[in-house]
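Data first, discussion second: the structure below is written as structure tokens.
The values are calculated or read from the model by the stated rules, or taken from the named source; none is laboratory data. Keep in mind that what you see is a predicted model, and the values were worked out from it rather than measured. FYI the Cβ positions are ideal-geometry reconstructions off the backbone, even for glycines, and counts take in every protein chain you see.
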Amino acid sequence: MSLKILHNVNVVQEDNSGMSATLWIRDGIIERIESSLSALPEGDYEFMDGQGHLLIPGMIDVHIHGANGFDMMDGSETSIQEVSRACAATGCTSFLVTSVSSTIEALIAMIRSVKRVAGHEAGAKIAGLHLEGPYLNPKRKGMQNERFLRHPDLTEMKEIFDEADGLIKMVTIAPELPGGMELVSFLKERGVIIAVAHSDATYEEAKQAFEAGASHVTHCFNGMRPIHHRDPGLVVAAFEQEHVSLQAIVDGIHLHPAIVRMMHRLKGPDGMVLITDALQAMGLGDGKYMFGGHPVTVSEGVARLEDGTLASSTVTMNEALRLTVETGISLTDAVKMASSSPSRLLGLAAKGKISAGFDADLVLLDEQFQVQWTMIKGSIV
Ligand SMILES: [Zn+2]
């Protein structure tokens, strides 16, 4: 039995924002929240002073590739552990290990190391795998390596699912490719989130995929047919379908602030999630790196391939939260987009909210959104 009393925090949540609160955390679970400190208990407990800082539910990143010089596609357990640590240090408490298009051998090696690390993470918890590719459209490849892009292959997909033992939670596909709709049915049967990106789908093709079970758009607006008033494309199809949620890379580069506000206005905070889509340069800064089999140069925080194509991002979840607020979106909505919306998307019933009975996955932030500490299941990591 362990009890922590976290006093003097400003819980960011719709109903109690701006109020100083005290949390009782027992055995990793939020037991109760009080508006003022009641009588302290008898017996052992740890008393923590939040110094009036902001307390938010642990953020959840459904799209991250690497951090601190480690790329999770290198197949090593160390890389996954280092990303788990880097996530925790930036206020993220759960994440989907995200692949890039590769050979099947490289993907299987990565899946095997994820299986070894899951349950023994050094920091943020692995909530599963997000396969970004390889069944993507070369026409909208972005930084995906064309060498590894291919048409949907259900035999290969079966092999990958067999290897992953239920860890696959999300797959990003281009449904307009030959065999794309069969792939949608295959994934739907397995209950995974079907996301669309690196896709040239027209409005009609995307609508068909969404009606057949696709429900999410990876890095919305990036790596897809843009909106044209006579050719609305998959983005407008996603806006029209109520069950479809959107990922947003809010790093000041991938999306203009007005586009972030438009996504928020059309989908609401429950219909969009903040992601980092970070590569290994996250946490390291400018320099030369490798990503997806390409050399990538990071200059002033912007990652690009040699031809200038944007290649992933270096933003962290706490910076994404700050930049979202800077677009004019309220802090409570921005926190929803970073915590409760991704937890609902992934079906993590005990996460994403500061409420009695929920996991004590908590982040203390100062007014500049700097992480003071991150707590996962009641332990500071
Ligand atoms: Zn990505």
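Quick check: is even one residue across the range 255-265 within 15 Å of the ligand (Cβ to nearest atom), surrounded by 14 or more Cβ atoms within 10 Å (Cβ to Cβ), aliphatic (A, V, I, L, M) and touching a residue at least 24 places away in the same chain (Cβ under 8 Å)?
Scanning the range 255-265 turns up at least one residue that is within 15 Å of the ligand (Cβ to nearest atom), surrounded by 14 or more Cβ atoms within 10 Å (Cβ to Cβ), aliphatic (A, V, I, L, M) and touching a residue at least 24 places away in the same chain (Cβ under 8 Å).
Would you check which residues across the range 118-169 are out of contact with any Lys or Arg (no Cβ under 6 Å at 6 or more places or on another chain), farther than 22 Å from L345 by Cβ and among the aliphatic types (A, V, I, L, M) and list them?
M143, L149, L154
Just checking, does the range 92-106 include any residue being in contact with a Ser or Thr (Cβ under 9 Å, 6 or more places away or on another chain) and surrounded by fewer than 24 Cβ atoms within 10 Å (Cβ to Cβ)?
Yes - at least one qualifying residue is present in the range 92-106.
Would you tally the residues in the range 166-179 being away from the ligand (no atom under 16 Å from the Cβ) and surrounded by fewer than 24 Cβ atoms within 10 Å (Cβ to Cβ)?
So the count comes out to 6.
Look through the range 1-28, keep the residues that are aliphatic (A, V, I, L, M) and more than 22 Å from T332 (Cα to Cα), and return whichever of them is surrounded by the most Cβ atoms within 10 Å (Cβ to Cβ). Break it down into steps so the answer makes sense when it comes.
First, pick out the residues of the range 1-28 that are aliphatic (A, V, I, L, M): 1, 3, 5-6, 9, 11-12, 19, 21, 23, 25.
Filter once more, so that each one left must be more than 22 Å from T332 (Cα to Cα): 1, 3, 5, 25.
Working: M1: 7, L3: 16, I5: 20, I25: 24.
Among those residues, the one meeting the criterion is I25.
One line per residue, one yes/no per condition, for (1) in contact with a strand residue (DSSP E or B) (Cβ under 8 Å, 6 or more places away or on another chain); (2) in a strand (DSSP E or B); (3) touching a residue at least 12 places away in the same chain (Cβ under 8 Å); (4) within 16 Å of the ligand (Cβ to nearest atom):
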site: A21; (1), (2), (3), (4): yes, yes, yes, no
site: R32; (1), (2), (3), (4): yes, yes, yes, no
site: L55; (1), (2), (3), (4): yes, yes, yes, no
site: V62; (1), (2), (3), (4): yes, yes, yes, yes
site: Q81; (1), (2), (3), (4): no, no, yes, no
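Can you tell me which of K139, K169 is of a type in the set (K, R), modelled with pLDDT of 95 or more and under 20 Å from M110 (Cα atoms)?
When all the criteria are applied, what remains is K169.
(1) farther than 18 Å from R225 by Cα; (2) within 16 Å of the ligand (Cβ to nearest atom); (3) buried (at least 24 other Cβ atoms within 10 Å of the Cβ): which one isn't true of F148, the others all being true?
(3)
I'd like to verify a number: residues in the range 92-122 that are farther than 24 Å from V381 by Cβ and more than 15 Å from the ligand (Cβ to nearest atom), how many?
Counting residues in the range 92-122 that are farther than 24 Å from V381 by Cβ and more than 15 Å from the ligand (Cβ to nearest atom) gives 8.
Looking at the range 42-68, which of its residues are touching a Phe, Trp or Tyr at 6+ places or on another chain (Cβ under 8 Å) and under 21 Å from S245 (Cα atoms)?
Listed by number, the residues that qualify are P57, I60, D61, V62, I64, H65.
Mind checking which helices (runs of 4 or more DSSP H) fall wholly inside the range 293-381 and carry at least 2 residues that are more than 14 Å from the chain's Cα centre (by Cα)?
Ranges flagged: 317-326, 331-338.
Please verify whether the range 98-110 includes one or more residues that are assigned to a helix (DSSP H, G or I) and of a type in the set (S, T, N, Q). Please lay out each step first, then the result.
We begin by selecting, within the range 98-110, every residue assigned to a helix (DSSP H, G or I); these are 104-110.
Still in the running and of a type in the set (S, T, N, Q): none.
No, that holds for no residue.
Can you tell which of A106, A67, A88 is touching a helix residue (DSSP H, G or I) at 6+ places or on another chain (Cβ under 8 Å) and in contact (Cβ under 8 Å) with a residue 60 or more places away in the chain?
Going through A106, A67, A88 in turn, just one is touching a helix residue (DSSP H, G or I) at 6+ places or on another chain (Cβ under 8 Å) and in contact (Cβ under 8 Å) with a residue 60 or more places away in the chain: A67.
For the list (1) outside any loop (DSSP other than H, G, I, E, B); (2) of a type in the set (A, V, I, L, M); (3) buried (at least 20 other Cβ atoms within 10 Å of the Cβ), I need the number of the one condition that M48 fails.
(3)
Is at least one residue of the range 64-79 under 21 Å from P342 (Cβ atoms), more than 13 Å from the ligand (Cβ to nearest atom), at pLDDT 95 or above and surrounded by fewer than 24 Cβ atoms within 10 Å (Cβ to Cβ)?
no
For (1) within 16 Å of the ligand (Cβ to nearest atom); (2) charged (D, E, K, R); (3) at pLDDT 95 or above, each residue gets a yes or a no:
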site: A164; (1), (2), (3): no, no, yes
site: L187; (1), (2), (3): no, no, yes
site: Y203; (1), (2), (3): no, no, yes
site: K207; (1), (2), (3): no, yes, yes
site: G223; (1), (2), (3): yes, no, yes
site: F239; (1), (2), (3): no, no, yes
site: A248; (1), (2), (3): yes, no, yes
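Out of the range 267-289, which residues are more than 15 Å from the ligand (Cβ to nearest atom), of a type outside the set (K, R) and either crowded, with 24+ Cβ neighbours inside 10 Å or in a strand (DSSP E or B) (or both)?
M272, G287
Go through (1) crowded, with 17+ Cβ neighbours inside 10 Å; (2) out of contact with any Phe, Trp or Tyr (no Cβ under 6 Å at 6 or more places or on another chain) one by one and return the number of the condition A237 breaks.
Of (1) crowded, with 17+ Cβ neighbours inside 10 Å; (2) out of contact with any Phe, Trp or Tyr (no Cβ under 6 Å at 6 or more places or on another chain), only one is false for A237: (2).
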